[in-house]
Amino acid sequence: MNNRATILASLILVFAIATNLILEQSDSLPPAPMLQNDPDLYMLNATITQFDDNGNLQHTIKADRFTHFPLTDMTSLIFPNLQLFPDPKKEPWDIEAKNGRLLSQSVYREEVVELWDDVLAVQQSDNGHFIRIQTQSLTVYPEREYAETDQKVYIDYNSGRTSAAGMKAFFQGGKFIFYSTPTERVHTIFLPEFKRNQP
């Protein structure tokens, strides 16, 4: 009887000591980090410049404010301005909007710039030739020099205007694909010759 009582008391004592040690260790551990997506970086009136593998200027991204969110690796942009340089012999494409966001390149995605609210893309040459694109949202893939939108879009150029329900733009080759819907057709207006060179 004494042996059993002694063994039982010893087990209770060992259990109590082990429990106490475990509780002390858990109290000394730092608290687990909370999964919050609070910004970890701000930049004001900054410019990001990207070069290709040959050292040629590929594109720049300017904004009044950059705000990076680490959990999603997304950077919000206030009054962004994106310049693409698809052809060194031509003027760059100048694209601006009121708002946007930058999704950085990763293993799972290429770099993407999403723009919205009064998006304006312009290419203006020294000899007066221009292309001007207006829409409410535009998704740009800078490395491919490609952009697309499923919003109504207006394209003005020296000889007229085209409107469409959506667009794909291949800036390097100067190729545009326009889309229509049952309610929104692709519509092109050509200006008379004497109006083409007027501002």
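The values are calculated or read from the model by the stated rules, or taken from the named source; none is laboratory data. Keep in mind that what you see is a predicted model, and the values were worked out from it rather than measured. Positions of Cβ are generated from backbone atoms using ideal geometry, with glycine treated the same way; all protein chains shown enter the neighbour counts.
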Give the range 45-78 a look and list any residue that's loosely packed, with under 10 Cβ neighbours inside 10 Å and either without any contact (Cβ under 8 Å) to a residue 24 or more places away in the chain or outside the structural domain of P142 (by TED's automatic domain parsing) (or both), or say none. D53, N54, G55
Answer yes or no as to whether Q151 is within 15 Å of Q58 (Cα to Cα), out of contact with any helix residue (DSSP H, G or I) (no Cβ under 6 Å at 6 or more places or on another chain), not in a strand (DSSP E or B) and not charged (D, E, K, R). no
Just a yes or no: is a residue in the range 115-126 at pLDDT below 95 and part of a helix (DSSP H, G or I)? no
Unmet criterion (only one of (1) in a loop (DSSP other than H, G, I, E, B); (2) surrounded by fewer than 15 Cβ atoms within 10 Å (Cβ to Cβ)) for Y42: (1)
Picked from the range 162-188 (must be of a type in the set (D, E, K, R) and under 21 Å from P92 (Cα atoms)), the residue surrounded by the most Cβ atoms within 10 Å (Cβ to Cβ) is K168
Output the number of the condition that E96 fails; it satisfies all remaining conditions of (1) out of contact with any Asp or Glu (no Cβ under 6 Å at 6 or more places or on another chain); (2) within 20 Å of D38 (Cα to Cα). (2)
For the range 77-111 the number of residues that are in contact with a Leu (Cβ under 8 Å, 6 or more places away or on another chain) and under 22 Å from D40 (Cα atoms) is 8
Count of the range 33-69 residues which are over 18 Å from E145 (Cβ atoms) and either touching a helix residue (DSSP H, G or I) at 6+ places or on another chain (Cβ under 8 Å) or among the hydroxyl-bearing types (S, T, Y) (or both): 3
Restricting attention to the range 160-186, which residues are under 23 Å from Q58 (Cβ atoms) and assigned to a loop (DSSP other than H, G, I, E, B)? F171, Q172, G173, G174
Evaluate the following for L138: is it assigned by TED's automatic domain parsing to the domain that holds D87, within 22 Å of F79 (Cβ to Cβ) and touching a residue at least 40 places away in the same chain (Cβ under 8 Å)? yes
So if I check each of H59, H68, which one is in a strand (DSSP E or B), within 13 Å of E143 (Cβ to Cβ) and under 15 Å from the mean Cα position of the chain (by Cα)? H59
All but one of (1) under 12 Å from the mean Cα position of the chain (by Cα); (2) of a type in the set (A, V, I, L, M); (3) surrounded by fewer than 17 Cβ atoms within 10 Å (Cβ to Cβ) hold for V122, so report the exception by its number. (1)
Do you know which of the residues in the range 95-119 that are within 24 Å of Y154 (Cβ to Cβ) and not hydrophobic (A, V, I, L, M, F, W, C) is surrounded by the most Cβ atoms within 10 Å (Cβ to Cβ)? G100
Scope the range 73-110; condition in a loop (DSSP other than H, G, I, E, B) and either out of contact with any strand residue (DSSP E or B) (no Cβ under 8 Å at 6 or more places or on another chain) or among the aromatic types (F, W, Y) (or both); matching residues: F79, F85, D87, P88, K89, Q105, S106, V107, Y108
